[in-house]
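Chemist: My questions will all concern the structure given below.
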Amino acid sequence: MAKHLCPWWLAYAFDNPLRRIFHKPEEMFAPYIREGMTAIDLGCGMGYFSISMARMVGETGKVISVDLQQQMLDTLMQRAKQTGVAGRITPLLCDENNIGNHDEVDFALAFWMAHETPDERLFFTQVQTILKKTGTLLLAEPKLHVTGDNFQKMLNIAQETGLRRIGSPLISLSHAALFEKQ
């Protein structure tokens, strides 16, 4: 079982207009996402980041939105249709130990979700495997839920799986790190 699986109905608390005060996806991802890229949103929830990422990759790019809960993916796709980007998003139901099979990606996002995985080493190994040679992973964890020591342990595990830390982006309310393949 996942450590702290967020129930689908609680996601409405995280995915609301007030969040744009703290987390502005277009600004956060501007250094990493360009038109034509393939991006993956791991633990996408109801699509707060996936929809913005789909706008950023444009008509020639795509976003793979991965979640454990079908209700999250269904809500994401309803929202994506309303905003006109559903054709750029591929929803993927995963299980707690497998992020699924898909194309390699240019950019991977693990936002406030890695601490929920039952096996962080397995999770980061899978992410490292799907990244293109020039791909990057943005990892962010909530400061109010994940201690600095626990985040450092997570960073160590990520590096042990073949990811190299290349930055520490400033993300409100979050510990954050940027990685690339070694």
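Chemist: When you check M37 against the structure, is it in contact (Cβ under 8 Å) with a residue 60 or more places away in the chain, in contact with a strand residue (DSSP E or B) (Cβ under 8 Å, 6 or more places away or on another chain) and surrounded by fewer than 24 Cβ atoms within 10 Å (Cβ to Cβ), yes or no?
Modeler: Criteria met by M37.
Chemist: Separate question: Restricting to the range 88-110, and then to whatever is touching a residue at least 40 places away in the same chain (Cβ under 8 Å) and among the aliphatic types (A, V, I, L, M), can you tell me which residue is nearest to L122 (Cα to Cα)?
Modeler: That would be I99.
Chemist: Conditions first: (1) assigned to a loop (DSSP other than H, G, I, E, B); (2) modelled with pLDDT of 95 or more. R55 passes all but one, so which condition is the exception?
Modeler: (1)
Chemist: Oh, and also: Report the residue count in the range 135-166 for those that are surrounded by 13 or more Cβ atoms within 10 Å (Cβ to Cβ), part of a strand (DSSP E or B) and without any contact (Cβ under 8 Å) to a residue 60 or more places away in the chain.
Modeler: Summing the residues that are surrounded by 13 or more Cβ atoms within 10 Å (Cβ to Cβ), part of a strand (DSSP E or B) and without any contact (Cβ under 8 Å) to a residue 60 or more places away in the chain in the range 135-166 gives 8.
Chemist: What single numbered condition from (1) surrounded by 14 or more Cβ atoms within 10 Å (Cβ to Cβ); (2) over 24 Å from Y48 (Cα atoms) fails to hold for I130?
Modeler: Checking I130 against (1) surrounded by 14 or more Cβ atoms within 10 Å (Cβ to Cβ); (2) over 24 Å from Y48 (Cα atoms), the one that fails is (2).
Chemist: Considering the range 86-126 alone, what residues qualify as being of a type in the set (S, T, N, Q) and part of a loop (DSSP other than H, G, I, E, B)?
Modeler: If the condition is that a residue be of a type in the set (S, T, N, Q) and part of a loop (DSSP other than H, G, I, E, B), then N97, N101, T117 are the ones that fit.
Chemist: Six or more apart or on different chains, Cβ atoms under 6 Å: show the pairs whose first residue is in the range 47-60 and among the aromatic types (F, W, Y) and whose second is in a loop (DSSP other than H, G, I, E, B).
Modeler: The qualifying pairs are Y48/D15.
Chemist: Does the range 113-126 include one or more residues that are surrounded by 12 or more Cβ atoms within 10 Å (Cβ to Cβ), under 14 Å from the mean Cα position of the chain (by Cα) and over 26 Å from S172 (Cα atoms)?
Modeler: Looking through the range 113-126, at least one residue is surrounded by 12 or more Cβ atoms within 10 Å (Cβ to Cβ), under 14 Å from the mean Cα position of the chain (by Cα) and over 26 Å from S172 (Cα atoms).
Chemist: Follow-up. Kindly evaluate T117 against the criterion of being farther than 30 Å from D149 by Cβ, β-branched (V, I, T) and touching a residue at least 40 places away in the same chain (Cβ under 8 Å).
Modeler: It is false that T117 is farther than 30 Å from D149 by Cβ, β-branched (V, I, T) and touching a residue at least 40 places away in the same chain (Cβ under 8 Å).
Chemist: I64: within 14 Å of the chain's Cα centre (by Cα) and assigned to a helix (DSSP H, G or I), yes or no?
Modeler: no
The values are calculated or read from the model by the stated rules, or taken from the named source; none is laboratory data. Since the structure is predicted, the reported quantities are computational estimates derived from the model, not experimental observations. Please note: Cβ atoms are built from the backbone with ideal geometry, for glycine as well, and neighbour counts cover all protein chains shown.
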